[in-house]
Amino acid sequence: MRKTTALLGTGALFAATAGLALPAAADGHEAQLSVLHGIPADVLGTPDGAVDVYVNGALTLEDFTTGSLEGPLPLPAGSYDVAVAPPNTSVDDAVLSVDDLSLAGGTNYTATANLDKDGAPALNLFTNDTSAAGAGQGKATVRHIAANAEGVEVVVNGSISLG
């Protein structure tokens, strides 16, 4: 059984996994990619921050709103061009683009669209540790990706674990 929780608050991404992790393709030819939209709506100039996401020029996620998490999506290992554009426009109107995003087969990733330290849209790619936790144990990954935000506190079982 696998449980995943995503929380976007002040730009923090929190994913907790219990039990067995979802493996990438058994033959190692596919990667698993989750995508998190964390660019504030006011920066994009739309009420809900909706964007369209293009992969290798093809519309892949339409009207993807701020705070949304999609995936994991199985993708063949390889290199991808990713562009984020306002809704109902084209890949040529991208506000953010990354060429040659490399995904290795048998690997699980999370890509985040958020603001960098200068307040500009940015894309981050993180490799996720999906190995099984020990018996009676759980695992958590915390990534603070908020632009110009102060630190966050992570509370586990009523105690601050990070701060």
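The values are calculated or read from the model by the stated rules, or taken from the named source; none is laboratory data. These numbers were taken from a predicted model, which means no experiment stands behind them. Here Cβ is always computed from backbone atoms with ideal geometry, including for glycine, and neighbour counts include all displayed protein chains. When the accessible area is computed, the model is the full protein with side chains, heavy atoms only, and any ligands, DNA or RNA have been set aside. Shrake-Rupley method; radii C 1.70, N 1.55, O 1.52, S 1.80 Å.
Annotations for the structure displayed:
- When the residues His144, His29 are ordered by accessible surface, computed with a 1.4 Å probe over the protein chains alone, the sequence from largest down reads His29, His144.
- For segment 28-82, convex hull volume per residue from C-alpha positions, Å³: 75
- For the peptides 34-42, 79-87, the ranking by packing is 34-42, 79-87, with the highest mean count of neighbouring Cβ atoms within 10 Å listed first.
- The equivalent ellipsoid of segment 54-163 has semi-axes of 29, 20, 12 Å, largest first, where each one is the square root of 5 times an eigenvalue of the Cα gyration tensor.
- Peptides 49-59, 118-128 ranked from most to least packed, by the mean per-residue count of other Cβ atoms within 10 Å: 49-59, 118-128.
- For segment 70-148: relative contact order, % (alpha-carbon pairs under 8 angstrom, 6 or more apart): 23
- Residue by residue, segment 75-81 carries 3J(HN,Hα) couplings of 10, x, 4, x, 10, 10, 9 Hz when phi is fed to the Karplus relation 6.51 cos²θ - 1.76 cosθ + 1.60 (θ = phi - 60°); x denotes Gly or Pro.
- Based on alpha carbons, the Rg and Dmax found for segment 111-151 are 14.1, 43 Å.
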